[in-house]
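Q: Before anything else, here's the structure in question.
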Amino acid sequence: MLDVVSDHNWQYEAFRGDVLSGLSQAQKSIPSRWLYDDLGSELFERITRLEEYYPTRTETALLTAHAEAIASFSGDGAVVLEYGAGAGIKTEILIAALRAPRFYVPIDIAADFLEQTVARFRARFPAVTTRPIVADFTAPFELPAWVPEERRLAFFPGSTIGNLDASEARQFLRRMRHHLGCRGRAIIGADLKKPLDVLIPAYDDAAGVTAQFNLNLLRRVNRELGGDFALERFVHSARWNPAESAVEMHLVSRNPQTVMVAGRRFHFAAGESIHTESSRKYDAAGFEALARSGGWRVSDSWSDSGGRFALFGLRPVAS
Ligand code: AVI
């Protein structure tokens, strides 16, 4: 049985509201969470297998290489809560590494995707109770009463935290702290700062998959909100924003044009962009400061020899 903490109508209204207000700002923007419709999720899966996109394979290798230490950090009989579960590939590695895990609770807004993940986990880990929650983890929600209170372990891989702005990330960490209680633990994957000749190609690959992923957002606006974006009139761009320590994705208008969305008119100058994603990159001190702001401290961390990516082990700060 699914615990559903959202509905489609709410999603439509939220998408419409975000697009109309985002396109009305001086720097046009659309929040990155709308990149993930069915095709967007598929394109993102392709991105994770690209040569240029190092985060996924680096983080996966870290989970395998440090399985023992991660199991010790997590303790026996963990109740694993995964925020934004998606396909849950990395979680399979985590659950396989843990000592006698009791529960796996994937939390995601994409119910269909979640069903597939649940079926796979139940088949592979019959001794672990797998039960999903359909919810938007970026908004407040309470855990159902069936989630055991002891030994809760949050897992938030993929550097998804980097797609939240500082205030969203802090709120998310506080929510997670509220869900986990004072004896909980969390493992969070975060992408690290590195030279731009590695960072930029990761978000602007030679095969153009990331460009398709970004442009697909306009296709979604056209389909779901009655937009008339001509995709060929926009070009994908990945740029470094030093003030935010983030790689940003933009969709840049090739020429002056007017676009209709949900019956409203939006003008673009040539070269004007829609900001569609920020992907923040951290160093240890920056991540520690973020964790503290959300009620956590970094007690352990695991990183690759090239210093590309890190898994941070967090414990609650006593309150
Ligand atoms: C999901 N998220 C962590 C990815 C990232 O690296 O920020 C999304 C992505 N955007 C472009 N490529 C990958």
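The values are calculated or read from the model by the stated rules, or taken from the named source; none is laboratory data. What you are looking at is a predicted structure, and each value in this text was computed from that prediction instead of being measured. As a convention, Cβ positions derive from the backbone with ideal geometry for all residues, glycine included, and neighbour counts pool all protein chains shown.
Q: Scan the range 222-236 and report the pairs whose first residue is farther than 26 Å from Asn9 by Cα and whose second residue is acidic (Asp, Glu), with Cβ atoms within less than 9 Å and a gap of 6+ or a chain change.
A: Between residues of the range 222-236 that are farther than 26 Å from Asn9 by Cα and residues that are acidic (Asp, Glu), the close pairs are His236/Asp204.
Q: Here's another thing I want to ask about it. What do you reckon, is Glu224 under 24 Å from the mean Cα position of the chain (by Cα), charged (D, E, K, R) and closer than 23 Å to Ser41 by Cβ?
A: Yes, satisfied.
Q: Just one of (1) in contact with a strand residue (DSSP E or B) (Cβ under 7 Å, 6 or more places away or on another chain); (2) within 16 Å of Phe213 (Cα to Cα); (3) within 11 Å of the ligand (Cβ to nearest atom) trips up Gly40, so point out which.
A: (1)
Q: Quick one: count up the residues across the range 239-278 that are of a type outside the set (A, V, I, L, M, F, W, C), within 16 Å of the ligand (Cβ to nearest atom) and in a strand (DSSP E or B).
A: The qualifying residues number 9.
Q: Still on this model: Which members of the range 164-188 meet the condition of being in a helix (DSSP H, G or I) and either in contact with an Asp or Glu (Cβ under 6 Å, 6 or more places away or on another chain) or not basic (Lys, Arg) (or both)?
A: Ala166, Ser167, Glu168, Ala169, Gln171, Phe172, Leu173, Met176, His178, His179, Leu180
Q: Just checking, which of Ala65, Ala71, Ala85 is touching a Lys or Arg at 6+ places or on another chain (Cβ under 6 Å) and either closer than 26 Å to Asn216 by Cα or modelled with pLDDT of 95 or more (or both)?
A: Result: Ala71 is the single residue among Ala65, Ala71, Ala85 that is touching a Lys or Arg at 6+ places or on another chain (Cβ under 6 Å) and either closer than 26 Å to Asn216 by Cα or modelled with pLDDT of 95 or more (or both).
Q: Collect the residues in the range 45-56 that are within 13 Å of the ligand (Cβ to nearest atom) and at pLDDT 95 or above, keeping them in residue-number order.
A: Arg46, Ile47, Thr48, Arg49, Leu50, Glu52, Tyr53, Tyr54, Pro55, Thr56
Q: Oh, and also: Starting from the range 258-269, take each residue that is on the phi > 0 side of the Ramachandran plot and list its partners that are part of a loop (DSSP other than H, G, I, E, B) and surrounded by 14 or more Cβ atoms within 10 Å (Cβ to Cβ), counting only C-beta distances under 8 angstrom and pairs at least six apart or across chains.
A: Ala262/Gly227
Q: Let me ask another. Restrict the check to the range 165-173 and report whether at least one residue is more than 22 Å from Phe44 (Cβ to Cβ), surrounded by fewer than 20 Cβ atoms within 10 Å (Cβ to Cβ), more than 19 Å from the chain's Cα centre (by Cα) and in contact (Cβ under 8 Å) with a residue 24 or more places away in the chain.
A: no
Q: With the requirement that a residue be of a type in the set (A, V, I, L, M, F, W, C), within 12 Å of the ligand (Cβ to nearest atom) and more than 18 Å from the chain's Cα centre (by Cα), what does the range 188-208 give you?
A: Residue satisfying the conditions is Ile200 alone.
Q: Might you let me know whether the range 186-203 holds any residue that is of a type in the set (Gly, Ala, Ser) and touching a Gly at 6+ places or on another chain (Cβ under 7 Å)?
A: Yes, that holds for at least one residue.
Q: Pairs, please: C-beta under 8 Å, at least 6 apart or cross-chain, first residue closer than 22 Å to Glu82 by Cβ and in a helix (DSSP H, G or I) and in the range 189-200, second within 13 Å of the ligand (Cβ to nearest atom) and not β-branched (Val, Ile, Thr)?
A: Correct list of pairs: empty, since none qualify.
Q: What helices (runs of 4 or more DSSP H) completely inside the range 22-121 contain at least 3 residues that are under 20 Å from Ser279 (Cα atoms)?
A: Fully inside the range 22-121 and qualifying: 38-48, 55-65.
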